[in-house]
1. Does segment 125-188 come out rounded, prolate or oblate by the C-alpha gyration tensor, with a ≥ b ≥ c the root eigenvalues, rounded set by a/c under 1.5 and, if not, prolate when a/b is larger than b/c and oblate if not?
2. Place +1 on the Cβ of every Lys and Arg and -1 on the Cβ of every Asp and Glu in the chain, take the dipole about the Cα centre, and give the residue among F95, G34, Y73 whose Cα lies farthest towards its positive end.
3. Dipole magnitude of the chain about its Cα centre, charges +1 at Lys/Arg Cβ and -1 at Asp/Glu Cβ only, in debye to the nearest 20?
4. Using DSSP to define loop residues, name the chymotrypsin sites (Phe, Trp or Tyr not before Pro) in segment 148-188 whose beta-carbon has at most 15 other beta-carbon atoms within 10 Å.
5. If you fit an axis through the alpha-carbon atoms of helix 85-107 and take the longest principal axis of the Cα set of the chain, what angle between them do you get, 0 to 90°, nearest 10?
6. How much accessible area per residue does the chain have, counting only protein heavy atoms and a probe of 1.4 Å, in square angstrom?
7. Quick one: the Cα spread of segment 80-125 along its three principal axes, in angstroms, biggest first?
8. Specify the angular offset, from 0 to 90 degrees and rounded to the nearest 10, of the alpha carbon long axis of helix 111-128 from the longest principal axis of the alpha carbons in the chain.
Amino acid sequence: RLIEFFIPGIIAMAVLTASLFGTVNLNTELRQKGVIRKLSTTPITRTDWVLSNILHQFTLAIVSTMAMLLVGYAVYDVSLQINAWLPVFIVLDVFAFVGIGMILTGFVKEAQSAAAAANAIMFPMMFLSGSFFPLEMMPGFMQTVAMILPLYYVNEGLRASMVFNDHMAALRYSAIIGVFAAVVFILG
């Protein structure tokens, strides 16, 4: 059913939005106020700071995912498979988009422009990566563009595990987004 296609995409998109906006907005504002510079004089390492951001975003992602699933089951009577792949993809989604947020934070100088920078990344990805409708509905060249976007692999991985119960496809998508997440995490 359409709702069963839709819920994994909404989960991926919600985690993307919270992780990207939360990271860019918070870190840009803290840098602008000089808090980040003051933190560098404390025993907190950069890795500790980034991992604390990820833990915060992961906590929010778990809560929002549970809320979406509860509504899906209670209101729409969905029959999604909840298995070990769900937290794996949530973790990878958070790592990938917090990493992108950290990279953007390096380029955005003012807190007021942080939302615009995050939107420039988020909106094309949200509409082109298959969160709302199947890629097959898009023209061929747009499908190729979609397969470059990291959210596509989160969407497809969640659908492979939750809708189609295809563990090999979920493994393949998790490996792809995992490599991407590792790269942007290191760069961030």
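The values are calculated or read from the model by the stated rules, or taken from the named source; none is laboratory data. No experiment lies behind these values; they were computed from the predicted model shown. A quick note on method: Cβ atoms are made from the backbone with ideal geometry, for glycine too, and the neighbour counts reach across all protein chains shown. We work out accessible area using only protein heavy atoms, side chains counted, and drop any ligands, DNA or RNA first. Shrake-Rupley method; radii C 1.70, N 1.55, O 1.52, S 1.80 Å.
1. It comes out oblate by the Cα gyration axes.
2. With unit charges placed on the Cβ atoms, the residue in question is G34.
3. For this selection, approximately 640 debye.
4. When the chymotrypsin sites (Phe, Trp or Tyr not before Pro) of segment 148-188 are filtered for loop state and at most 15 Cβ neighbours within 10 Å, F164 remain.
5. That works out to roughly 40 degrees.
6. 51 Å²
7. So the three principal-axis extents are 42, 18, 13 Å.
8. Tilt relative to the chain: about 20 degrees.
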